[in-house]
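Scroll down for the structure; my scribbles are underneath it.
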Amino acid sequence: MIKHKITARHSGICPADRLPIALIKQAVTAALNFEGVDMPCEVSVLITDSNSIQAINNEYRGIDKPTDVLSFPMFEFLPPGWADPGPGALDPETGLVPLGEIVLSAEKVKEQAEEFSQPVSCEACYLTVHSVLHLLGYDHLDEAEQKKEMRRREKLIMDMIGDAI
C-alpha cells in the first residue's frame, strides 16, 4: 500500500466549528487509492472560514465571494486521472509527489450539510473527494460528460468511505 502524506489544519476556526480532520484525511486517501495513485504523494488541506476563503478565491480566481472548496493542483493531468507526472515531479527532500492544496470553508460545509440534510462529516468528505479529483485533472465546468464522470467517481469513492462518515 502506497503511503501518502496528508496534512490538514484549521486556521481561523473556533473549536466549535472545526471539521473532522481524521475523516478528511481518510477521504483524501480513499480518492487517491480509487484513482490508482501509485506513487507516494503529498496533499495539504487548509480548513478556514468564509472570509478567508473569499480572499483566496478573489486573489487566485478573481471571484470576490466565498466558496465551499478550492483546489490548487501542482500538475495538469491530461486526460484527467492519475498518470506519472514525470521525473521532475518527485520532491527530492520528501520523496513525495506534491499533488496540491485543498482549501475548505468550514462555514460553507456546515451550511451545505444543513441544506442537503446530511451530517457535516459527510459534506466535508464529499467536498474533499471532489477537490482531490480536481487535483487529478477532473473538471465539471465545460463538458457535460466530464461532469457526469466526475459525479460518478465521487459517488463510488463516497461509497468506499461509507460507514466511517
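In segment 52-90, of all residues being touching a residue at least 24 places away in the same chain (Cβ under 8 Å) and exposed (fewer than 13 other Cβ atoms within 10 Å of the Cβ), the one that is nearest to GLN146 (Cα to Cα) corresponds to PRO79. Scan segment 91-107 for residues that are modelled with pLDDT of 95 or more and open to solvent by 50 Å² or more (accessible area, probe 1.4 Å) and the total you get is 2.
A count restricted to segment 28-51 and to residues that are farther than 23 Å from LEU96 by Cβ and in a loop (DSSP other than H, G, I, E, B) stands at 1. Restricting segment 122-152 to residues that are touching a Leu at 6+ places or on another chain (Cβ under 7 Å) and at pLDDT below 95, which is nearest to VAL103 (Cα to Cα)? Filtering segment 122-152 for residues that are touching a Leu at 6+ places or on another chain (Cβ under 7 Å) and at pLDDT below 95, the one nearest to VAL103 (Cα to Cα) comes out as GLY137. Only a single criterion out of (1) among the β-branched types (Val, Ile, Thr); (2) closer than 24 Å to ILE13 by Cβ; (3) touching a residue at least 60 places away in the same chain (Cβ under 8 Å); (4) in contact with a strand residue (DSSP E or B) (Cβ under 7 Å, 6 or more places away or on another chain) is not satisfied by VAL103, namely (3). LEU127 meets the conditions (1) open to solvent by 20 Å² or more (accessible area, probe 1.4 Å); (2) hydrophobic (A, V, I, L, M, F, W, C); (3) free of Cβ contacts under 8 Å to residues at least 60 places away in the same chain in every case but one. The failed one is (1).
Of everything in segment 2-18 that is hydrophobic (A, V, I, L, M, F, W, C) and closer than 17 Å to VAL43 by Cα, the residue that is surrounded by the fewest Cβ atoms within 10 Å (Cβ to Cβ) is ILE2.
On inspection, ALA89 qualifies as touching a strand residue (DSSP E or B) at 6+ places or on another chain (Cβ under 8 Å), farther than 23 Å from LEU156 by Cβ and among the aliphatic types (A, V, I, L, M). Among the residues of segment 19-44, write down those that are open to solvent by 20 Å² or more (accessible area, probe 1.4 Å), of a type in the set (A, V, I, L, M, F, W, C) and touching a residue at least 60 places away in the same chain (Cβ under 8 Å). Matches in segment 19-44: LEU23, PHE34.
The values are calculated or read from the model by the stated rules, or taken from the named source; none is laboratory data. Please read these numbers as outputs of a predicted model, since none were measured by experiment. With ideal geometry, Cβ positions are generated from the backbone for all residues, glycine too; neighbour counts draw on all protein chains shown. Heads up: the accessible areas ignore ligands, DNA and RNA and are worked out on the full protein's heavy atoms, side chains in. Shrake-Rupley method; radii C 1.70, N 1.55, O 1.52, S 1.80 Å.
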